[in-house]
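These notes are about the structure you will find just below.
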Amino acid sequence: MSETISQPYITDSHCHLDFPDFNGEHDELIARAAEAGVRRMVTICTRLRNEPAVRAIAEAHEPVFYAAGTHPMSAADEPMASVEDLLALARHPKMVGIGETGLDYHYTAESADVQKQSLRIHIEAAQKSGLPLIIHARDADEDMARILTEEHRNAPYSCVMHCFSSGPDLARAALDLDFYLSMSGIAAFPKSQELRDIFASAPVDRILVETDAPYLAPPPHRGKRNEPAYTAHTARKGAEVFGMDYAEFAARTEANFERLFSKVAEYQAAA
């Protein structure tokens, strides 16, 4: 009983287990995650041509689920996804989200129009499938808020702002649509107080935790390869931000994850 209390369950809601950083190491990664209390993870396909490999990881490992989409930074280099393509993939029992998609004007502003087209396709797939949309947003707050709001008026959908590190206006726009904000290792960086303040102003029932592994490792692993086990470090910082006991914060984020990614809970209940 004491072990359960010291290691509350949490979920890494966003990682990239198909990246070469983790080749040949999935069993060990998942074991280390379990030791840290990370009982589930969602691995994200960022290019649809890689979907079979990402799906295979989820099929081979019980704690792993997956999502698929075209990352905005790849939107101009990849074939344009279709709603039909995404809906076909969504029929897989462990495919639990649409994306990541979104807008990134930091590195790829020149492809903004293509990114917007891709984003709207992914939103339609989320609307029609009932699966949550997974959003990547960087240096595109105004367009992002506008498109998400416009499309939500057309037909409702659920959404998580993955690795949220944008400004308060986009956070408010997302929360006004009942979307979720996900805390990554960035929220635990010493210089991220403004970001922590944005999270602190949000309802705790709209918060998820993630790694974005292999990127953005939280302290004390900053600068090293990130992995799902390190979600626990971000979650502990999240508990501080919300002034909560770690076990209570972990339980809240688990409930949030299962509310948003309801297909995961349904899959595990049927297993």
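The values are calculated or read from the model by the stated rules, or taken from the named source; none is laboratory data. Keep in mind that what you see is a predicted model, and the values were worked out from it rather than measured. A quick note on method: Cβ atoms are made from the backbone with ideal geometry, for glycine too, and the neighbour counts reach across all protein chains shown. To get the accessible areas, we keep the full protein, side chains included, count just its heavy atoms, and leave off ligands, DNA and RNA. Shrake-Rupley method; radii C 1.70, N 1.55, O 1.52, S 1.80 Å.
Is it the case, given these coordinates, that Ala33 is touching a Pro at 6+ places or on another chain (Cβ under 6 Å), in a helix (DSSP H, G or I) and at pLDDT 95 or above? Yes. Among the residues here, Ile123 does not qualify as outside any helix (DSSP H, G or I), modelled with pLDDT of 95 or more, touching a His at 6+ places or on another chain (Cβ under 9 Å) and at negative phi. The residue of the range 236-271 that is surrounded by the most Cβ atoms within 10 Å (Cβ to Cβ), among those that are among the acidic types (Asp, Glu) and under 17 Å from Met41 (Cβ atoms), is Glu254.
The listed residues are Arg55, Arg47, and the only one of them that is modelled with pLDDT of 95 or more, touching an Asp or Glu at 6+ places or on another chain (Cβ under 8 Å) and basic (Lys, Arg) turns out to be Arg47.
Only one of Ala53, Ala36 is more than 30 Å from Glu248 (Cβ to Cβ), touching a residue at least 24 places away in the same chain (Cβ under 8 Å) and among the small types (Gly, Ala, Ser); which? When all the criteria are applied, what remains is Ala53. Taking the criterion of being more than 30 Å from Leu119 (Cβ to Cβ), open to solvent by 40 Å² or more (accessible area, probe 1.4 Å) and of a type outside the set (A, V, I, L, M, F, W, C), the residues of the range 27-62 that qualify are Asp27, Glu28, Arg32, Glu35, Arg39, Glu62.
Residues satisfying the criterion are absent from the range 158-180 (criterion: in a helix (DSSP H, G or I), among the charged types (D, E, K, R), open to solvent by 20 Å² or more (accessible area, probe 1.4 Å) and closer than 19 Å to Gly99 by Cα). Total residues in the range 201-245 satisfying the condition of being in a loop (DSSP other than H, G, I, E, B) and of a type in the set (A, V, I, L, M): the figure is 4. Return a yes/no flag: does the range 247-257 have any residue that is without any contact (Cβ under 8 Å) to a residue 12 or more places away in the chain and within 23 Å of Glu100 (Cβ to Cβ). Scanning the range 247-257 turns up no residue that is without any contact (Cβ under 8 Å) to a residue 12 or more places away in the chain and within 23 Å of Glu100 (Cβ to Cβ). Just to be sure before I move on: is Leu195 at pLDDT 95 or above, under 20 Å from Phe164 (Cβ atoms), among the hydrophobic types (A, V, I, L, M, F, W, C) and open to solvent by less than 20 Å² (accessible area, probe 1.4 Å) in the structure I sent? Spelling it out, Leu195 is indeed at pLDDT 95 or above, under 20 Å from Phe164 (Cβ atoms), among the hydrophobic types (A, V, I, L, M, F, W, C) and open to solvent by less than 20 Å² (accessible area, probe 1.4 Å).
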